[in-house]
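Okay, so here's the structure we're looking at.
Where a number appears in this text, it was derived from the coordinates with a stated rule and is not lab data. Only a predicted model underlies this, so the values are computations on that prediction, with no experimental measurement involved. Cβ coordinates were reconstructed from backbone atoms using ideal geometry, including for glycine residues, and neighbour counts include every protein chain displayed.
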Amino acid sequence: MFDDELAWRERSKRERLLKRAHFPVPKGFTDYDWSHVRVPDELGKEAIEDCLFIGERQNLVLYGGVGNGKTHMAIACGMAACEHGLATMFTTVSDLVMRMCAAEDAGTLERVFHEVERADLVILDELGYLPIDRRGARLLFQVVSKCYERRSLIITTNLEFSRWGSILTDDQMAAAMIDRIIHHGHLVVFDGPTKRMENSPMAHRVSSS
C-alpha cells in the first residue's frame, strides 16, 4: 500500500514537471544519433543522458547548423531531468524575450524571473535565429545571471561566440553573458548534415532524380 502510494506520488510529480516544462514535442535519447556530435572528453555523453551536469550546476552550449539535432538533444535532456525529479523550463529565446518585455510593461517581470528561479534546468532554444534589441538583451542577461552557479543552462545556437555581440546588439553585454555561461560550461558541437532533410520525403525524391 505504501509502495503504491509512493509510486503514484513520484509518477504525479514527473507528469507535473513535464507539463510545467512546456516542451514543444516529446523527444528522448533512444536511438539518438551521436555520430556527428562532438562531446568534450571531460563531459561525456553519459553525463548528458543521465543529467549529471545538472547536479554540478554546469551549462551546455549546443552549437551547429540548422536541423542538426540540437533542439532534440535539449528536449531529451529536459525530459530526462524531469524523470529525475528536476524542474525544467523550456523556451525559445525569442519567446522568452517577448514575454519579458510584455511582463516588464505590465509590471509583472518578477513572475517570469520566479519561473526561472524555481527551475533546476533552463533551456534557451534558438539563440541567434532572430535579432534581439538592447532591451531584450538586457533582460536575457538577467536570466543568465540568475542561473549563474545556481542552476544549469542549455543554450542551442547556430552562432559562434564571436558573433553573439551582433545578435545582442551589445558586445560588452554579450561578452559578460558568454563569460557566465562558459565559466562552468561545455561546448557540444554538431557538425553533421541536417536531420530534417535526411528524414524528409523530399530528400529521397531529390536523390532519386
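If neighbour count is taken as other Cβ atoms inside 10 Å, put CYS101, CYS147 in order from fewest to most.
Result, fewest neighbours first: CYS101, CYS147.
In cubic angstrom, how much convex hull volume per residue do the alpha carbon atoms of region 1-75 span?
Once divided by residue count, the hull of region 1-75 is 135 Å³.
Taking N as the number of residues in region 117-165, what value does Rg over Cα atoms divided by 2.2 N^0.38 Å take?
Dividing the Cα Rg of region 117-165 by 2.2 N^0.38 Å gives 1.17.
Compare ARG111, ARG57, ARG138 in a GNM of the chain, Cα atoms joined below 10 Å, and give the one with the largest fluctuation.
Per the Cα network of the chain with a 10 Å cutoff, ARG111 tops the list.
Which one, HIS114, SER35, THR156, projects farthest toward the positive side of the charge dipole computed for region 16-208 from Cβ point charges (K/R +1, D/E -1)?
The residue sitting farthest along the positive end of the dipole is HIS114.
Per the Kirkwood formula on distinct C-alpha pairs, the Rh of region 75-177 is how many angstrom?
Its Kirkwood hydrodynamic radius stands at 14.0 Å.
What ranking of LYS19, LYS27, LYS13 emerges when the number of other C-beta atoms within 10 Å of each C-beta is taken as an exposure proxy, fewest first?
Lowest count first: LYS19, LYS13, LYS27.
Can you sort THR71, THR156, THR30, THR92 by how many other beta carbons sit within 10 Å, fewest first?
THR30, THR92, THR71, THR156
Which one of GLU110, GLU126, GLU49 has the biggest mean-square fluctuation once the chain is modelled by GNM with Cα springs under 10 Å?
GLU110
Anyone know which of ALA81, ALA174, ALA102 comes out most mobile in the 10 Å Cα GNM of the chain?
Of the options given, ALA102 has the highest mean-square fluctuation.
Can you list the residues, at least 5 places off or on another chain, whose amide H is less than 5 Å from the amide H of ILE123, using H built in the peptide plane?
Close amide H contacts, sequence-distant or interchain: MET89, PHE90, THR91, ILE154.
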